[in-house]
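The values are calculated or read from the model by the stated rules, or taken from the named source; none is laboratory data. All figures in this text were calculated on a predicted structure; none of them were measured in a lab. Virtual Cβ from ideal backbone geometry, glycine too; neighbours counted across all protein chains shown. When the accessible area is computed, the model is the full protein with side chains, heavy atoms only, and any ligands, DNA or RNA have been set aside. Shrake-Rupley method; radii C 1.70, N 1.55, O 1.52, S 1.80 Å.
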Amino acid sequence: MPHVLIVADDLTGALDSSVAFAAPGRRVVVSLRPDALPAALARNAQVLVLTTASREIAADAARARTEAALTGLDLARIPVVMKKVDSRLKGNTAVETAVLATAMAPGACIACPAIPDMDRVVSGGALAGMGVAAPIDVAARFDLKVEVPDTLTEADLDAVVSAAQGRPLWIGARGLARALARQQAHPPAEVPPLEAPLLIASGSRDPVTLAQMDALREVLTVHLAPDGAVPPLPEAPRVALSISDGAGALTGADAARRYAQGLLAACATLRPRSLLICGGETAQALLDALGIDCLEVLAELRPGLPLCRIVAPWGPVLLVTKSGGFGAPGLLHDIATSAAAEVSRG
């Protein structure tokens with residue numbers, strides 16, 4: 001059994017929290033579906049992450065999916081258990097946490113959704129800060145008793161983790177995951193360089209990602225996929241692609257499905273050794289299309305950008321994921337430029 005278990009409701013959250021535990025000699029494995037759990041356990045991971053892809057579905061379905069994800073796990077043998085939640089407590093937080101608490105029977109449930117380095121903090125039981133329109137009563141978002149300590153800084157999170165008695169159920173986001181990882185005092189993981197061919201593919205319409213794609217155009221042609229229709233792409237060391245608005249005949253969901261299938265076809269032709277995917281839903285859809293059920297988290301390429309290893313039909317691939325609303329305008333420009341330098345040195 002693993003030493004750490006994280007249960008997340010979406011892929012980007014699973015990766016964003018689990019990458020904190022990546023370290024030399026410590027394997028971090030993410031299971032993408034409940035039926036992939038045996039394969040994930042067979043990898044002898046010290047840190048196991050389960051994704052339920054349940055943030056946007058009905059509460060009853062989220063409960064059933066979380067229960068299914070835990071089937072076959074003996075939580076009594078796992079020292080550290082964390083329910084990864086959205087840092088603004090969106091989704092089916094209450095029902096999913098209740099399922100985990102029932103399976104685990106913890107001595108306490110400690111909720112720490114703060115991410116201090118994003119200026120998102122908890123004080124007096126309320127979550128507030130960047131991106132939070134009005135303070136959120138943390139305890140009110142759960143159907144069970146939770147402790148909600150003040151966490152204004154990373155030092156506060158470290159203090160909460162250090163002071164905890166027994167074996168609590170931890171509830172939180174990236175800030176808490178990093179505090180739990182720091183408590184274990186492992187050296188940071190080495191970051192492998194991206195290998196060519198590199199495909200940068202964005203399925204996000206978030207203004208943050210759109211600004212990043214604009215900056216990327218300074219060093220790389222960005223090919224457009226209107227309404228998700230992926231055009232023929234050139235074979236080159238670096239290729240960039242972005243979904244874009246088309247005639248509007250398709251719904252957003254239909255365009256996303258078309259885009260995922262187009263990406264699958266493009267990958268079969270380009271056979272990238274490195275993939276950088278912007279948008280969690282796009283990453284999940286492509287992994288599903290590729291038949292990937294598990295991945296291994298290696299390191300952070302940049303802060304907030306987990307780097308993983310997958311085995312695609314054409315061979316091993318380094319996968320980087322970026323949430324749509326994350327990062328400075330020059331992020332993708334810098335990564336593409338660094339990748340070009342690595343290719344030149346190689």
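Structure data summary
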quantity: Which numbered condition THR209 fails, given (1) modelled with pLDDT of 95 or more; (2) under 20 Å from the mean Cα position of the chain (by Cα); (3) not small (Gly, Ala, Ser); calculated: (1)
quantity: The range 56-98: number of residues that are in contact (Cβ under 8 Å) with a residue 40 or more places away in the chain, open to solvent by 40 Å² or more (accessible area, probe 1.4 Å) and farther than 19 Å from VAL148 by Cβ; calculated: 3
quantity: Counted residues, the range 28-55 - those being over 24 Å from ARG309 (Cβ atoms) and either β-branched (Val, Ile, Thr) or open to solvent by less than 10 Å² (accessible area, probe 1.4 Å) (or both); calculated: 1
quantity: Residue check for GLY248: over 20 Å from ALA20 (Cα atoms), touching a residue at least 12 places away in the same chain (Cβ under 8 Å) and not in a helix (DSSP H, G or I); calculated: yes
quantity: Filter pass, GLY25 being open to solvent by 20 Å² or more (accessible area, probe 1.4 Å), closer than 28 Å to PRO188 by Cβ, out of contact with any strand residue (DSSP E or B) (no Cβ under 7 Å at 6 or more places or on another chain) and not aliphatic (A, V, I, L, M); calculated: yes
quantity: Extreme residue, farthest from MET104 (Cα to Cα), among residues of the range 135-171 that are open to solvent by 30 Å² or more (accessible area, probe 1.4 Å) and of a type in the set (S, T, N, Q); calculated: THR153
quantity: Residue match in the range 289-303 (condition: over 18 Å from the mean Cα position of the chain (by Cα) and either aromatic (Phe, Trp, Tyr) or closer than 20 Å to GLU218 by Cβ (or both)); calculated: no
quantity: GLU235 vs. criteria over 22 Å from the mean Cα position of the chain (by Cα), touching a residue at least 12 places away in the same chain (Cβ under 8 Å), loosely packed, with under 15 Cβ neighbours inside 10 Å and closer than 25 Å to GLY304 by Cβ; calculated: no
quantity: Test for GLY228: is it free of Cβ contacts under 8 Å to residues at least 60 places away in the same chain, open to solvent by less than 40 Å² (accessible area, probe 1.4 Å) and part of a loop (DSSP other than H, G, I, E, B); calculated: yes
quantity: Residue among GLY324, GLY291 that alone is at pLDDT below 90 and of a type in the set (Gly, Ala, Ser); calculated: GLY324
quantity: Residue match in the range 208-220 (condition: touching a Cys at 6+ places or on another chain (Cβ under 6 Å), open to solvent by less than 40 Å² (accessible area, probe 1.4 Å), assigned to a loop (DSSP other than H, G, I, E, B) and touching a residue at least 40 places away in the same chain (Cβ under 8 Å)); calculated: no
quantity: Selection count, the range 192-207, where residues are farther than 17 Å from ALA340 by Cβ and either hydrophobic (A, V, I, L, M, F, W, C) or assigned to a loop (DSSP other than H, G, I, E, B) (or both); calculated: 5
quantity: Residue in the range 148-159 that is nearest to MET118 (Cα to Cα), counting only those that are touching a helix residue (DSSP H, G or I) at 6+ places or on another chain (Cβ under 7 Å) and in a helix (DSSP H, G or I); calculated: GLU154
quantity: Residue tally, condition open to solvent by 20 Å² or more (accessible area, probe 1.4 Å) and under 18 Å from ALA339 (Cβ atoms), over the range 253-308; calculated: 8
quantity: Test: residue in the range 156-170 that is in contact with a Lys or Arg (Cβ under 8 Å, 6 or more places away or on another chain), modelled with pLDDT of 95 or more and of a type in the set (Gly, Ala, Ser); calculated: no
quantity: Single unsatisfied condition, ARG88 versus (1) at pLDDT 95 or above; (2) not in a helix (DSSP H, G or I); (3) not aromatic (Phe, Trp, Tyr); calculated: (1)
quantity: Enumeration of residues in the range 99-134 that are touching a helix residue (DSSP H, G or I) at 6+ places or on another chain (Cβ under 6 Å) and either hydroxyl-bearing (Ser, Thr, Tyr) or open to solvent by 30 Å² or more (accessible area, probe 1.4 Å) (or both); calculated: ALA103, MET130
quantity: Qualifying residue in the range 179-191 (condition: closer than 19 Å to PRO306 by Cα, open to solvent by 50 Å² or more (accessible area, probe 1.4 Å) and not in a loop (DSSP other than H, G, I, E, B)); calculated: yes
